[in-house]
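**Q** Could you have a look at this structure, given as structure tokens, before my questions?
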Amino acid sequence: METTLFFFSHINMCESKEKTFFKLIHGSGKEETSKEAKIRAKEKRNRLSLLVQKPEFHEDTCSSRSGHLAKETRVSPEEAVKWGESFDKLLSHRDGLEAFTRFLKTEFSEENIEFWIACEDFKKSKGPQQIHLKAKAIYEKFIKTDAPKEVNLDFHTKEVITKSITQPTLHSFDAAQSRVYQLMEQDSYARFLKSDIYLDFIEGRPQRPTNLRRRSRSFTCNEFQDVQSDVAIWL
């Protein structure tokens, strides 16, 4: 009986020592992990500090800002002055077209220039399928009643387009495009030449941000599915 009690007592002591041993080992592991984490965090902070202090880091930041500024002032005053010579010269210049579009957005009439751009792209269509797809997209966006970017056209012009849209040709929108062009030339263009957007260009000032009260969805080739478009060169 005494031998049996001694045996079980010995087992309990061994288990207790074993548990104590594992607790010590486990606790040491936690402590070691905590120390390693602190060391790694400190190393990261040191590396970040060294990175910020490196001259090339600041050079990259400055060059990025300079690049943004250069993009804003890439048009010389001499070039901008030419935009005032005629509406054609304004629209034929990539930056002039962009500036005029930005101006029309401030007047909430950007649908006019977007329609004109769409027509220019449409006239480059190749093949009956492409002509049909692009014509339908233009009609849905700019011509039909309550279109999302409906342009201001007389009833007769809209009626002619509506009747011909099932079998469009490269000249289907000529009359409408000419009408919109005249509206912009006789009305919006004159105001553009007096606007701060244009005056900043001809006086060599950095372009100021334009505050808009609503967003405008610009015309892009995404309006057409499976259709190749050259509209990117106009924007």
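The values are calculated or read from the model by the stated rules, or taken from the named source; none is laboratory data. Just so we're clear, the structure is a prediction, and the values are computed from it rather than from any experiment. Every residue, glycine among them, receives a Cβ derived from its backbone with ideal geometry; neighbour counts consider all protein chains shown. Heavy atoms of the whole protein, side chains included, go into the accessibility calculation; ligands, DNA and RNA do not. Shrake-Rupley method; radii C 1.70, N 1.55, O 1.52, S 1.80 Å.
**Q** Can you pull the one-decimal nm distance between simple spin-label points at F155 and K89, each 7 Å off the Cα toward Cβ?
**A** Label-label distance for F155 and K89, simple model: 4.2 nm.
**Q** Anything over 29 Å Cα to Cα? Flag those among K105/K158; K149/K194; K105/K144; K105/K136; K123/K194, in the order listed. Write out the running numbers ahead of the final one.
**A** Values: K105/K158 24 Å; K149/K194 26 Å; K105/K144 21 Å; K105/K136 25 Å; K123/K194 32 Å.
Table pairs above 29 Å Cα-Cα are K123/K194.
**Q** Between beta-carbons, use under 12 Å as the cut-off and find the net charge around N112, counting Lys and Arg +1, Asp and Glu -1. Present the calculation step by step, with values, prior to reporting the outcome.
**A** Values: positive: K105, K149, R179; negative: E107, E110, E111, E114, E150, E185, D187.
Spelling it out: positives minus negatives among the neighbours equals -4.
**Q** In terms of solvent-accessible area of protein heavy atoms at a 1.4 angstrom probe, what is the ranking of Y139, Y198, highest value first? Could you put the intermediate results ahead of the total?
**A** Numbers: Y139 35, Y198 15 Å².
Sorted descending by solvent-accessible area, the residues read Y139, Y198.
**Q** Hey, what do the phi angles of segment 136-145 turn into as Karplus ³J(HN,Hα) couplings, whole Hz, using 6.51/-1.76/1.60 and θ = phi - 60°, x for Gly and Pro?
**A** 5, 5, 5, 4, 5, 8, 10, 9, 4, 4
**Q** From largest accessible area down, sort Y181, Y189; use a 1.4 Å probe on the protein chains. Don't skip to the end; give the middle numbers.
**A** Values: Y181 45, Y189 25 Å².
Descending order: Y181, Y189.
**Q** At most 16 other Cβ atoms within 10 Å and a DSSP loop assignment: could you name the trypsin sites (Lys or Arg not before Pro) in segment 124-154 that fit? Can you show the working numbers first?
**A** Details: sites: K124, K126, K134, K136, K141, K144, K149; in loops: K124, K126, K144, K149.
Here the trypsin sites (Lys or Arg not before Pro) that fit, given the DSSP loop and packing criteria, are K124, K126, K144.
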